[in-house]
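Visitor: Dumping the structure here so I can ask a few things about it.
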Amino acid sequence: MKLVSYLNDGHDQLAFLADGYLYDCDLVHPELPNSMNMFLHYWDDMFPVAMQVNKAILEGRVGKDKAIALDSIQLLAPVPFPTSCRDGYAFRQHVAAARRNRKVEMVPEFDQYPIFYFTNHHSIQGPGDILCMPDHFEKLDFELEAAIVICRQGRNITAEKADHYIGGLMIMNDMSARRLQMEEMLLNLGPAKGKDFSTVIGPCLVTLDELEHYEIPAKQGHIGKSWNLSMKCWVNGVQVSDGNVGDMDWTFAEIIERCAYGVTLHPGDVIGSGTVGTGCFLELNGTGKLNNPDYPEQWLQPGDVVEMEIEGIGKLTNTIVKEESDHSILAKKK
């Protein structure tokens, strides 16, 4: 089942996505809520109903008179108003490559426990323009990731039970202003201003039932669902990244276990996987320079189009746009 949120008369509207058409939840069944927020909060009651409706749509038993063409609306983030947003660090390949490029040893703690950071859940957005200030263009970067949303409240959730709390998968682009990020993290705090301006998720939420045939065993010594889903990113039509969700060393179940330790997770909490190997310019530039000192660095510029695709989920497209301001916080450094 694929679910989207789109802008409808100034508010977010929840809809099924099938064959390039949207079917508003509240129009196809009177019991279904019209927002993702409500759907997640009443997941156990609403999910079985939604599954029946989705089956009817796919079998052609719901008329196209109830459908809206996907290209005629403005898609929002599938979860437009998440209750929180955490981002993990699950791909060993990315971490090891980034550390190798900086000529530092792989940190052994990576293999001992999963970690995450909190980012600005009010800056979650979907497809479309990403507005950036002048300082963001000081080494502006994308980060190709997968993400989940929590669909049931839980506390002290063990990894063995954690998949039960996953509502579905999305694509995530954890945008990064690298100069701001690197400068502030010299003070051993953050990331903050290097990350808080935009995190993109979308284009839809794909529930786990639709991904069953992609499931593969977790890596040795790990617990939870894993999926063989290719991950790709293009910038201005040129492919720059190639990975797989199945390359995650730490599973979403294990990340949930750590997030929920002594803490209540809520429906609507979004959790990212962290960057896949080759999934950002920071890593790609570092690898390029390691092999060739004259390698030309590449960073995102105004007008660039970033397209991310995860097999079975879809394609997420954004355009980088410079805000009409010359205000700089970097210029105010003492």
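Visitor: What number, rounded to the nearest 500 deg cm²/dmol, is the helix-based mean residue ellipticity at 222 nm of the chain, given -39500 (n - 2.57) per DSSP H run of at least four residues and division by all its residues?
Guide: -5500 deg cm²/dmol
Visitor: Once you wrap a convex hull around the alpha carbon atoms of the stretch 76-140, what is its projected area averaged over all directions, in nm²?
Guide: 6.4
Visitor: Could you work out the relative contact order of the stretch 84-325, using alpha carbon pairs under 8 angstrom and six or more residues apart, expressed as a whole percent?
Guide: Rounded, it is 32 percent for the stretch 84-325.
Visitor: Another question about this same structure. Once Rh for the chain is found with the Kirkwood sum over Cα pairs, what is the Stokes-Einstein diffusion coefficient at 4 °C and 1.567 mPa s, in µm²/s?
Guide: 63
Visitor: While we're looking at this one, here's another question. State the answer as a single residue: which of P114, P78, T207 lies farthest towards the positive end of the charge dipole of the chain, with beta carbon charges of +1 for Lys and Arg and -1 for Asp and Glu, about the Cα centre.
Guide: My answer, from the dipole projection, is P114.
Visitor: Also, I was wondering about something else. Using a ≥ b ≥ c from the Cα gyration tensor of the stretch 2-72 (square roots of the eigenvalues), is it rounded, prolate or oblate, where a/c under 1.5 gives rounded and otherwise the larger of a/b and b/c decides, a/b for prolate? Kindly include the intermediate steps, with their values, before the conclusion.
Guide: On the way: a/c = 1.91, a/b = 1.09, b/c = 1.75.
Oblate is the answer for the stretch 2-72, as a/c is 1.5 or above yet b/c matches or exceeds a/b.
Visitor: Can you give the FRET efficiency for K64 and L186, using 1/(1 + (r/R0)^6), R0 = 41 Å, r = Cβ-Cβ distance, to the nearest 0.05?
Guide: Rounded to the nearest 0.05, the efficiency is 0.10.
Visitor: Round to a whole angstrom and tell me the spacing of the C-alpha centers of the stretch 311-334 and the stretch 243-299.
Guide: For the stretch 311-334 versus the stretch 243-299, the Cα centre distance is 19 Å.
Visitor: Quick one: dipole size for the chain, taken about the Cα centre, charges +1 on Lys/Arg Cβ and -1 on Asp/Glu Cβ, in debye to the nearest 20.
Guide: 820
Visitor: If every alpha-carbon in the stretch 216-278 counts as one equal scatterer, what log10 I(q)/I(0) does Debye give at q = 0.22 1/Å?
Guide: -0.95
Visitor: In terms of Cα to Cα distance under 27 Å, which lysines are near enough to K333, apart from those fewer than 8 places away along the same chain?
Guide: K333 reaches K139, K193, K195, K322.
Visitor: Which is farthest toward the positive dipole end of the chain among Y295, P217, G237, measuring Cα position about the Cα centre, with Cβ charges +1 (Lys, Arg) and -1 (Asp, Glu)?
Guide: Y295
Visitor: Beyond 16 Å, how much of the Cα-Cα pair distribution for the stretch 174-265 remains, as a whole percent?
Guide: Working: 3033 of 4186 pairs.
Distances greater than 16 Å cover 72 percent of the Cα pairs.
Visitor: In whole Å, largest first, what are the principal axis extents of the Cα atoms in the stretch 194-334?
Guide: 46, 36, 28
Visitor: For A331 and V107, calculate 0.36 nm times their separation in residues minus their Cα-Cα distance, and state this gained length in nm to one decimal.
Guide: My answer for the length gained is 77.3 nm.
Visitor: Further question on the same structure: Would you work out which of Y89, I57, I124 lies farthest towards the positive end of the dipole of the chain, given +1 charges on the beta-carbon of Lys and Arg and -1 on that of Asp and Glu, about the Cα centre?
Guide: Most positive-ward Cα: Y89.
Laboratory data are not the source of any read-out in this text; all were calculated from the coordinates shown. Computed from a predicted structure; not experimentally measured. So basically every Cβ, Gly included, is an ideal-geometry build from the backbone, and we count neighbours across all protein chains shown.
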